[in-house]
Amino acid sequence: MRIEPPAHLCDKCRWYDVIGTSGRSVPVSFRNNRLYSIAEKESSGLGVRVNVDGKVGFSFTSENEGLEAAMRRAIEIAPFGEPEDYSLPPVSNPPVVALDTGRLEETDIAPVLSAAEETIARILAAFPGAQVDMNISYGSGERRILNSEGFQGAYRHSSFGAGITATIVSPDGVRLSVSEGVSSTGPVSYGAAVERLLWKLERAHGLRRLPGGVLPVICTPKAFASLLGIVASGLSARSVFKGISPFAGKLGQRVFSERFTLSDDPLADGSVYSYPFDDEGVPARTKNIIERGEITEWISNLKYAALLGVRPSGNGSRGHSSLPEPSFSNVVVDGGEDDFDSLRAAVRSGVLVDQFIGLGQSNTLTGEFKASLDLAYAIENGEITGRVKDCMLSGNLFELLAAGTVFSRERLHYGAALVPFALFPAVHFTS
């Protein structure tokens with residue numbers, strides 16, 4: 001993929017950069033225990049951003065030969081763009097991170113289908129009435145970035161991911177749906193994901209009812225990763241600059257418990273969310289965003305780092321058809337000292353939560369949340385005694401994380417997050 005822009009247009013710009021992306025993938029879908037579809041997807045494109053007289057214009061094209069036309073459009077649009085006063089990153093030697101295990105889209109389809117069929121058969125052996133859906137996707141691609149400061153970077157990346165959902169409808173019409181997933185830069189095993197899924201199904205057989213009130217709540221890593229989205233949105237430099245983050249003005253201040261340390265790690269080997277440099281050419285680095293409860297850095301791209309007067313964090317994210325925005329890479333939360341069994345054993349009457357419904361519909365910018373529980377279990381005298389239904393949690397996540405939250409020693413990957421179980425000692429529970 002050639003991404004060099006024409007010199008006669010470059011001369012009209014204060015600065016410019018070009019991003020080129022390309023990729024091929026094979027999505028495979030199983031529905032209701034059977035193979036539903038196999039497809040092949042291919043995409044590529046170029047995006048060009050220019051700064052002319054201090055204002056930014058942007059355009060993109062899906063054709064290699066269209067770069068000159070796209071750059072001409074970006075220059076024409078620039079006078080109507082936003083003023084942006086910063087410099088692009090210079091030549092650098094980005095860190096090395098393991099992202100590529102080859103052209104996975106060329107993988108033989110037969111073993112992929114066999115592994116999926118074996119996974120479905122294993123679930124059906126334990127729960128014959130289950131309807132199992134699987135979505136698998138694997139492939140590889142390339143990203144290239146070039147700018148007017150001389151930076152030129154390129155890397156290849158690959159990914160293999162699968163989502164598994166088992167649904168059981170009981171004779172009285174009660175529906176139970178449990179999902180698990182796994183992803184990596186190379187072929188994955190479904191074994192651990194299936195173990196977790198079966199563990200949850202087995203403990204959801206009986207229904208229990210807990211009285212409403214203020215109870216201790218343990219969130220699985222999957223549920224805690226969902227809640228962390230509320231915190232992450234307030235740590236974006238964009239939110240801080242626009243004045244909609246509750247953490248604005250609190251850089252360097254302790255706003256959470258000392259037990260809470262959260263970092264952004266784009267250098268994690270084997271993660272599909274890693275990169276050696278961000279989509280603006282800033283070298284990637286691992287950094288604490290919250291360290292022992294203190295906010296130490298914002299997640300920023302070049303634009304918002306300049307507006308806030310802080311060092312860019314290397315989190316500019318974009319495709320070829322969009323401008324960069326700040327975005328986390330891999331979110332990592334430190335674990336605690338005790339394991340999950342110890343946290344659960346300490347709960348006399350409480351709830352274990354795995355899946356929410358409607359979590360994002362509250363005023364989450366303030367930390368408030370009110371969400372129904374799609375999959376949750378009663379904990380009585382330290383034991384999981386059955387599934388709880390038709391109930392809800394509410395509270396303020398920021399206040400919970402500032403209080404006595406306890407994290408488990410073990411941590412699990414869910415999407416871009418590597419997080420522990422989290423025990424919140426007192427949460428409003430409505431049944």
Problem - Filter pass, Leu418 being open to solvent by 20 Å² or more (accessible area, probe 1.4 Å) and farther than 22 Å from Leu197 by Cα - result: no
Completion exercise
Checked the range 32-91 for anything touching a residue at least 24 places away in the same chain (Cβ under 8 Å) and of a type in the set (D, E, K, R); matches are Glu40, Lys41, Arg49, Asp53, Lys55, Glu68, Arg72, Glu82, Glu84, Asp85
Handout entry: Residue check, Ser408 of a type in the set (Gly, Ala, Ser) and surrounded by fewer than 21 Cβ atoms within 10 Å (Cβ to Cβ)
Key = no
Exercise for the section: Kindly indicate whether any position in the range 294-316 is among the β-branched types (Val, Ile, Thr) and either under 25 Å from Gly161 (Cα atoms) or touching a helix residue (DSSP H, G or I) at 6+ places or on another chain (Cβ under 6 Å) (or both). Expected result: no
Practice task
Kindly indicate which of Leu46, Leu104 is among the hydrophobic types (A, V, I, L, M, F, W, C) and under 19 Å from Ser183 (Cβ atoms).
Solution key: Leu104
Practice task
Having 2 or more residues that are within 24 Å of the chain's Cα centre (by Cα) and not aliphatic (A, V, I, L, M) is the bar; report the strands (runs of 3 or more DSSP E) wholly within the range 376-422 that clear it.
Solution key: 392-396, 406-414
Exercise for the section: Would you check which residues across the range 392-405 are open to solvent by less than 10 Å² (accessible area, probe 1.4 Å) and either out of contact with any helix residue (DSSP H, G or I) (no Cβ under 9 Å at 6 or more places or on another chain) or of a type in the set (Ser, Thr, Tyr) (or both) and list them? Expected result: Leu393, Thr405
Exercise for the section: Could you please find all residues in the range 33-52 being open to solvent by 10 Å² or more (accessible area, probe 1.4 Å) and touching a Ser or Thr at 6+ places or on another chain (Cβ under 9 Å)? Expected result: Leu35, Tyr36, Ser37, Ile38, Ala39, Glu40, Lys41, Glu42, Ser43, Ser44
Exercise for the section: Scan the range 350-363 and give yes if some residue there is among the charged types (D, E, K, R), in contact with a strand residue (DSSP E or B) (Cβ under 9 Å, 6 or more places away or on another chain), in a strand (DSSP E or B) and open to solvent by 50 Å² or more (accessible area, probe 1.4 Å), otherwise no. Expected result: no
Completion exercise
Taking the range 263-319 and keeping residues more than 14 Å from Asn330 (Cα to Cα), touching a residue at least 60 places away in the same chain (Cβ under 8 Å) and outside any loop (DSSP other than H, G, I, E, B) leaves Pro283, Ile295, Leu302, Lys303, Tyr304, Ala305, Ala306, Leu307, Leu308
Completion exercise
For Glu380, the lone unmet condition from (1) touching a residue at least 40 places away in the same chain (Cβ under 8 Å); (2) under 29 Å from Val272 (Cα atoms) is (2)
Completion exercise
Selection from the range 194-215 of residues in a loop (DSSP other than H, G, I, E, B) and aliphatic (A, V, I, L, M) yields Ala204, Leu210
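Results for (1) modelled with pLDDT of 95 or more; (2) in contact with an Asp or Glu (Cβ under 9 Å, 6 or more places away or on another chain); (3) β-branched (Val, Ile, Thr); (4) open to solvent by 40 Å² or more (accessible area, probe 1.4 Å), shown as yes or no for each residue.
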residue: Ser329; (1), (2), (3), (4): yes, yes, no, no
residue: Asp338; (1), (2), (3), (4): yes, no, no, yes
residue: Ala345; (1), (2), (3), (4): yes, yes, no, yes
residue: Lys370; (1), (2), (3), (4): no, no, no, yes
residue: Leu373; (1), (2), (3), (4): yes, yes, no, no
residue: Ala378; (1), (2), (3), (4): yes, no, no, no
residue: Thr385; (1), (2), (3), (4): yes, no, yes, yes
residue: Val388; (1), (2), (3), (4): yes, no, yes, no
Problem - Hits in the range 308-324 (condition: hydroxyl-bearing (Ser, Thr, Tyr) and more than 18 Å from Arg49 (Cα to Cα)) - result: Ser313
Fill in the blank from the handout: The lone condition Asp17 fails out of (1) within 21 Å of Phe151 (Cβ to Cβ); (2) surrounded by fewer than 13 Cβ atoms within 10 Å (Cβ to Cβ) is (2)
Handout entry: For Phe58: the one exception among (1) buried (at least 18 other Cβ atoms within 10 Å of the Cβ); (2) more than 30 Å from Asp265 (Cβ to Cβ)
Key = (2)
Practice task
Return a yes/no flag: does the range 239-260 have any residue that is closer than 22 Å to Ser329 by Cα, β-branched (Val, Ile, Thr) and open to solvent by less than 10 Å² (accessible area, probe 1.4 Å).
Solution key: no
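The values are calculated or read from the model by the stated rules, or taken from the named source; none is laboratory data. Source: prediction; values computed, not measured. Glycine gets a Cβ as well: all are built from the backbone with ideal geometry, and neighbour counts include every protein chain shown. The accessibility values were calculated without ligands, DNA or RNA, using every heavy atom of the protein model including side chains. Shrake-Rupley method; radii C 1.70, N 1.55, O 1.52, S 1.80 Å.
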